[in-house]
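Beneath this line is the structure, given in structure tokens, with notes to follow.
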Amino acid sequence: MTSNSTLKPVSASQRRGADLFVEVLRSEGVRHVFGNPGTTELPLLDALTDSAGIDYVLGLHEASVVAMADGYAQASGRPGFVNLHTAGGLGNAMGAILNAKMANTPLVVTAGQQDTQHGVTDPLLHGDLVGIAGPNTKWAEEIHHPEHIPMLLRRALQDCRTGPAGPVFLSLPVDTMERRTNVGAGEASRIERASVAGALDQLAIALALITPGRLALVVGDEVFAADAGVADASGRFRQQCPSELGSASRRHRPSSTRRACNMFAPGVRMPEDKIAMDPMDEAPVVLRDVRATLKLTSARRLCSR
């Protein structure tokens, strides 16, 4: 007897999107999920059942749920995590979400969404969740594939804390949470947000694990604004790692210099003797006395008015 079944065996390495979702939450240190769930949230609730260390705090109204997460985030310094039910639950929570946005409270707000294959039938409480949440959050996305769960969830947990802090939103379709994937959860990212550099020892350990090769120094406008000695620093770095640094063929003038010229002294050309060549990549580096040249030119223009 032959079978015509088209069902494929489930690989032992595969897992549901909901299980992957919970693993990412655990790795990011989420301890509480504040929610008022419905049927579209069942995959997440099922995954949380077997997960130790994450408590589901049930609320009787969506506004109360968001308010609890808001208070928890402000008191603990951790992002609050919210789980709501489709368009109806998200709509009920919008006032509290707006309050969190005005208070710059770091929140990750999620809502279950109907199976995407059923969207054309206009199921109960189905709606444009991203469009509803967008105006009152920093950003809003719907996760269409389980492979995108680690990236979008980790991004949400980081972006809600990035200044100015505030709520972000993720829509979780049922089929995305139920579909199986081989994608791993990855590792949590660590971002030092203090004004003074910290965790340098951990950074050194992470860099030591990288296979030696070409190393690029990315120098932003903040370096020039801080009057840092880029040429001197890069020259010293080249002496430390001469075999791993090459020269670039492009010549690039720092954009901050262009903006400064346009802002303070429109039409004034930068003196050639005020530009030095970076020994790393032959890119021009503005020296300190350029600022004095711009200030003097600006002062003369103001006096002539």
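Scanning region 29-40 for residues that are part of a loop (DSSP other than H, G, I, E, B), out of contact with any Phe, Trp or Tyr (no Cβ under 7 Å at 6 or more places or on another chain) and within 30 Å of Gln117 (Cβ to Cβ) yields a total of 3. Within region 107-142, being part of a loop (DSSP other than H, G, I, E, B), of a type in the set (S, T, N, Q) and under 21 Å from Phe34 (Cβ atoms) holds for one residue alone: Thr137. Would you confirm whether or not region 81-100 contains a residue that is aromatic (Phe, Trp, Tyr), under 30 Å from Ser13 (Cβ atoms) and assigned by TED's automatic domain parsing to the domain that holds Asp46? Yes: region 81-100 contains one or more residues that are aromatic (Phe, Trp, Tyr), under 30 Å from Ser13 (Cβ atoms) and assigned by TED's automatic domain parsing to the domain that holds Asp46. Reported count of residues in region 70-92, each being in contact with a His (Cβ under 8 Å, 6 or more places away or on another chain) and free of Cβ contacts under 8 Å to residues at least 40 places away in the same chain, is 1. Of the residues in region 108-129, not one is in contact with a Phe, Trp or Tyr (Cβ under 9 Å, 6 or more places away or on another chain) and surrounded by fewer than 24 Cβ atoms within 10 Å (Cβ to Cβ). Among residues of region 166-189 being farther than 20 Å from Asn83 by Cβ and either at pLDDT 95 or above or not in a loop (DSSP other than H, G, I, E, B) (or both), the one that is farthest from the chain's Cα centre (by Cα) is Arg180.
Of the helices (runs of 4 or more DSSP H) entirely within region 41-106, those holding at least 3 residues that are under 22 Å from the mean Cα position of the chain (by Cα) and buried (at least 17 other Cβ atoms within 10 Å of the Cβ) occupy 62-76, 86-102.
The values are calculated or read from the model by the stated rules, or taken from the named source; none is laboratory data. Note that the coordinates shown come from a computational prediction; the quantities given were computed from them, not determined experimentally. We place every Cβ from the backbone using ideal geometry, glycine too, and count neighbours over all the protein chains shown.
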